[in-house]
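Notes follow the structure.
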Amino acid sequence: KDYLQLVFDSTERLIHLVNDMLDISRIESGRIQLKLEPFDMNELLKQIVEEFKARATDKKITLSLWTSAPLPLVTADRDKILQVIENLIGNSLKFTASGGKISLTSQVAGNYLETSVTDTGRGISEEEIDKLFTKFERGGSPLTSLSEPGTGLGLYLCKQYVELHRGTISVKSKLGQGSTFAF
């Protein structure tokens with residue numbers, strides 16, 4: 001059973017990598033199509049928190065959700081926005097130590113809805129922030145030296161998806177004090 005689980009996990013990682021590469025190819029060739037339709041952001045955020053609750057609990061990390069109520073319906077590609085938020089929370093879980101906190105917030109900011117993920121993780125240096133949203137970048141360290149799994153494509157895809165929606169994504173961070181990613 002243990003060996004089958006290892007094979008299954010490896011296969012899932014490879015499938016994820018192939019899908020990321022296909023998405024990047026579609027984005028860079030201009031062939032990606034957004035399915036824009038109105039959806040309830042409150043429901044999406046609650047779904048995501050439920051999805052990550054067990055992983056956060058296993059790592060003894062507090063995961064919380066705060067929204068300014070009521071949030072308006074959002075017209076966007078729900079699956080792409082889901083992927084952005086899942087990636088940001090997944091990264092926070094990777095880089096936040098046991099006993100830390102991750103907060104997911106969403107609020108109206110002018111004509112936009114701003115969603116952010118804030119963690120009490122290890123933070124990111126100024127030099128590394130400039131490179132974060134590029135392909136295969138993993139916090140300024142060579143891919144092979146990092147203990148956390150990943151391809152270095154997640155934040156690049158997040159930026160591409162947000163920009164396809166005519167939005168922006170940003171990060172604020174200090175080493176040892178955590179990070180906030182907002183879009």
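The values are calculated or read from the model by the stated rules, or taken from the named source; none is laboratory data. Fair warning: this is a prediction, and the values are worked out from it, not measured in the lab. As a convention, Cβ positions derive from the backbone with ideal geometry for all residues, glycine included, and neighbour counts pool all protein chains shown. Surface areas here come from the heavy atoms of the whole protein model, side chains and all, with no ligands, DNA or RNA. Shrake-Rupley method; radii C 1.70, N 1.55, O 1.52, S 1.80 Å.
Quick check, is ILE85 within 24 Å of GLU163 (Cα to Cα) and in a helix (DSSP H, G or I)?
Judged against the criteria, ILE85 is a match.
Looking at segment 1-24, which of its residues are among the acidic types (Asp, Glu) and surrounded by 12 or more Cβ atoms within 10 Å (Cβ to Cβ)?
ASP20, ASP23
Looking at segment 101-113, which of the residues that are among the polar types (S, T, N, Q) and in a strand (DSSP E or B) is surrounded by the fewest Cβ atoms within 10 Å (Cβ to Cβ)?
Only one residue fits best here, namely GLN107.
Can we say THR75 is assigned to a strand (DSSP E or B), closer than 22 Å to ARG166 by Cα and modelled with pLDDT of 95 or more?
For THR75, the condition - assigned to a strand (DSSP E or B), closer than 22 Å to ARG166 by Cα and modelled with pLDDT of 95 or more - is met.
Looking at SER147, SER98, which one is open to solvent by 40 Å² or more (accessible area, probe 1.4 Å), assigned to a loop (DSSP other than H, G, I, E, B) and at pLDDT 95 or above?
SER98
Tell me which residues, restricted to segment 25-68, are open to solvent by 90 Å² or more (accessible area, probe 1.4 Å) and aliphatic (A, V, I, L, M).
Passing the criteria: only LEU36.
Given the conditions (1) of a type outside the set (Gly, Ala, Ser); (2) touching a residue at least 60 places away in the same chain (Cβ under 8 Å); (3) in contact with a Pro (Cβ under 7 Å, 6 or more places away or on another chain), and given that THR118 satisfies all but one, which numbered condition is not satisfied?
(3)
Filter segment 157-181 down to the residues that are open to solvent by 50 Å² or more (accessible area, probe 1.4 Å) and part of a strand (DSSP E or B) and list them by number.
The answer is SER170, LYS172, LYS174.
Could you tell me how many of the residues in segment 69-95 are of a type in the set (Lys, Arg) and open to solvent by 50 Å² or more (accessible area, probe 1.4 Å)?
Counting residues in segment 69-95 that are of a type in the set (Lys, Arg) and open to solvent by 50 Å² or more (accessible area, probe 1.4 Å) gives 2.
Please name all residue pairs, on different chains or six or more residues apart, with Cβ atoms under 7 Å, provided the first residue is in segment 11-35 and is on the phi < 0 side of the Ramachandran plot and the second residue is open to solvent by 60 Å² or more (accessible area, probe 1.4 Å) and at pLDDT 80 or above.
ILE32/ARG26; ILE32/LEU164; LEU34/LEU164
List the pairs whose first member sits in segment 51-64 and is closer than 12 Å to THR120 by Cβ, whose second member is among the aromatic types (Phe, Trp, Tyr), and whose Cβ atoms are under 7 Å apart, counting only residues at least 6 apart or on separate chains?
Matching pairs, first to second residue: LEU63/PHE52.
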